[in-house]
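Report on the following structure.
The values are calculated or read from the model by the stated rules, or taken from the named source; none is laboratory data. Only a predicted model underlies this, so the values are computations on that prediction, with no experimental measurement involved. As a convention, Cβ positions derive from the backbone with ideal geometry for all residues, glycine included, and neighbour counts pool all protein chains shown.
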Amino acid sequence: MDTFALAELLFPHITETPEDIEARYPERNLPEGARVTRMAPSPTGFLHIGALFGAMTDERLAHLSGGVCCLRIEDTDAKREVPGAVGAFIRMFARYGIHFDEGASLDENGEVTDRGAYGPYRQRARAEIYQVFAKELVRRGRAYPCFCTEEDLAAMRERQEAAKVTPGYYGEWAVHRRSTFEEYRAMIEAGCPYVIRFKSEGDPSRRIKMTDGIKGALDFPENDQDIVLLKSDGIPTYHFAHVVDDHLMRTTHVVRGEEWLATLPAHIEMFRAFGWKEPKYNHTATIMKLDGASKRKISKRKDPEADLAWYAREGYPADAVREYVMTLLNSNFEDWRRDHADAPLEEFPFSLKKMSVSGALFDMQKLADVAKNVVCRMKAPEVYEQALAWAQEFRPDFAALLSRDPAYSTAILNIGREDKKPRRDYGVWSELPAYMSFFFDETFVPGGAYPACLSEEDIAAIFARFRETYDESDDSAAWFDKLKDIAASIGLAPDTKTFKKNPGVYRGHVGDVSMALRVAVTGRENSPDLYTVMKLLGRERTFARLGAAK
Ligand code: GLU
């Protein structure tokens, strides 16, 4: 077979050679040990939470080693591409502090563009590059056209199932593998659509041994499938694009989901067919969640939390999600965080060796807890700023309230924040409208139960005395002494100790006085420190609430 003639027949428009291309993608000039990684999402929908695991791993590996992290867009499936997805992905990664040195990025008008010397970074724009290398494989007798239709392949699969043999396009089953040049030419001249397939020389009775950066030692049969390199439109499959791009972009470390382990033997065979050094592979465990007592994958269909955009909508601070993902990525992160409470995440010595080999378990409860810790470490102005940014995007009504008097809102958000043991009331911005509702007359809802031990007259008397004696300049101790006086004046115990020591003597105690005030002023039985709440609301609003209370 004249493979050179076949290559010309298939790729008459390709005049560049692999050497021409190689010259455009030279070895990178990086210090010893620097790692080149890439995040390679397909813009076919939303970003899965798993993408953040991958992106953070890529980013940390690259930047902790003085290397380079690229964003490559795997848009080879044009039919499934979602308009606007690339821009949305770029913004989403930025939100989580993933800095890409190269790749798809946004220009000043928010349009997607390329940045860096190893582009284009969108695969459809690289079509001819793949074709140069496919042509080369045809020339070397390692690729050929296949004219099988969907129906042909389905019929073949049925025969394979009936014969109980491995399904696929390989060996004896690879019908177009042994066609003659004349046969290929006749089909092409007849206008039959075709794909380009790899001609595998692997033998599954032989095994490949390799070391995965996460999974450790791997040992699997060689590939013998003649996988598709180029689809009938001349666009590569993931497999071929991965090999060509990661070679040309000089990727040193591939981090990707473990679902790619099955086709890893084919990828390795392709690297070897070109005589290229393969990157270090790092296959990450699938993220699981508990569903009842059993574990399962986080599913795009069933779980809203599968979508990375969901966390932003819910108002999880980006840092909280990052921190939580890091606890799942590296098992020693939590210990490190305990010892370095205020250090930026970037100082953590992230390591592939600490990555989980089997499925990481995503735990929303734990995330909520981490979020509370993260928000607890923030200063009030930062809380205000982030909460407002969230509200402006997702709760404009709440944003209007928050921003009406920024000093007031910030003071509310500061409640308990400077205590020795700061309060951990909320970790997610969407908790704030409810948490803060009673501070705004527009959202205050009367409610809560008055202490059963108090009669209506008691409550009326408490409110009346309180109005007579309340002084906004009192400190919290003086304020509380006045509540004790009020308690005594209507025959309640001034404190719980007295109350308990004299069973049957008192019908209630000072706590019931403050509860009555709390219910009237906040509409609930639990609230942050009532003294502080009243100071923030101010005398007028506090008295108005008491007046309106029944
Ligand atoms: N586009 C592939 C995916 O989304 C990328 C896998 C890889 O990182 O190589 O799964």
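Scanning region 95-105 for any residue that is more than 14 Å from the ligand (Cβ to nearest atom), charged (D, E, K, R) and assigned to a helix (DSSP H, G or I) turns up at least one such residue.
Among residues of region 267-307 being over 15 Å from the mean Cα position of the chain (by Cα) and among the polar types (S, T, N, Q), the one that is farthest from the ligand (Cβ to nearest atom) is 294.
Can you tell me which residue is surrounded by the fewest Cβ atoms within 10 Å (Cβ to Cβ) among those in region 25-66 that are part of a helix (DSSP H, G or I) and away from the ligand (no atom under 16 Å from the Cβ)? In this case the residue turns out to be 64. In the set (1) of a type outside the set (Lys, Arg); (2) within 19 Å of residue 532 (Cα to Cα); (3) part of a helix (DSSP H, G or I), the condition left unmet by residue 422 is number (3). Take the residues in region 499-530 that are hydroxyl-bearing (Ser, Thr, Tyr) and within 18 Å of residue 448 (Cα to Cα); name whichever of them is surrounded by the most Cβ atoms within 10 Å (Cβ to Cβ). In this case the residue turns out to be 522.
Report whether or not residue 529 is on the phi < 0 side of the Ramachandran plot and free of Cβ contacts under 8 Å to residues at least 60 places away in the same chain. Criteria not met by residue 529.
Cβ-Cβ distances below 7 Å connect the following pairs, each with a first residue in region 19-42 that is under 27 Å from residue 77 (Cα atoms), a second residue that is within 16 Å of the ligand (Cβ to nearest atom) and among the small types (Gly, Ala, Ser), and a separation of six or more residues or different chains: 36/62; 37/62; 39/54; 39/55; 41/51.
Selection of first residues in region 69-81 that are more than 11 Å from residue 44 (Cβ to Cβ) and of second residues that are near the ligand (Cβ under 9 Å from one of its atoms) and not in a strand (DSSP E or B), restricted to Cβ pairs under 6 Å at least 6 apart or on distinct chains, gives the following pairs, ordered by first then second residue: 69/58; 72/40.
Residue 550 meets the conditions (1) over 46 Å from the mean Cα position of the chain (by Cα); (2) within 25 Å of residue 424 (Cα to Cα); (3) modelled with pLDDT under 95 in every case but one. The failed one is (2). Among the residues making up region 246-266, those that are within 9 Å of the ligand (Cβ to nearest atom), assigned to a helix (DSSP H, G or I) and in contact (Cβ under 8 Å) with a residue 24 or more places away in the chain are 246, 259. Just to be sure, is residue 540 assigned to a helix (DSSP H, G or I), at negative phi and charged (D, E, K, R)? So residue 540 fits the description; yes. Does region 361-368 contain at least one residue that is crowded, with 19+ Cβ neighbours inside 10 Å, in contact with a Leu (Cβ under 6 Å, 6 or more places away or on another chain) and in a helix (DSSP H, G or I)? Taking every residue of region 361-368 in turn, none turns out to be crowded, with 19+ Cβ neighbours inside 10 Å, in contact with a Leu (Cβ under 6 Å, 6 or more places away or on another chain) and in a helix (DSSP H, G or I). Scanning region 134-151 for residues being in a helix (DSSP H, G or I) and either in contact with a strand residue (DSSP E or B) (Cβ under 8 Å, 6 or more places away or on another chain) or buried (at least 16 other Cβ atoms within 10 Å of the Cβ) (or both) gives a total of 6.
Which of the residues that make up region 425-442 are surrounded by 15 or more Cβ atoms within 10 Å (Cβ to Cβ), modelled with pLDDT of 95 or more and not aromatic (Phe, Trp, Tyr)? Within region 425-442, 427, 428, 430, 431, 432, 433, 436, 437 qualify.
Assessment of region 152-162 against the conditions (charged (D, E, K, R) and not in a helix (DSSP H, G or I)) yields no matching residue.
The residues of region 267-296 that are within 21 Å of residue 38 (Cβ to Cβ), of a type in the set (D, E, K, R) and in a strand (DSSP E or B) amount to a single one, 280.
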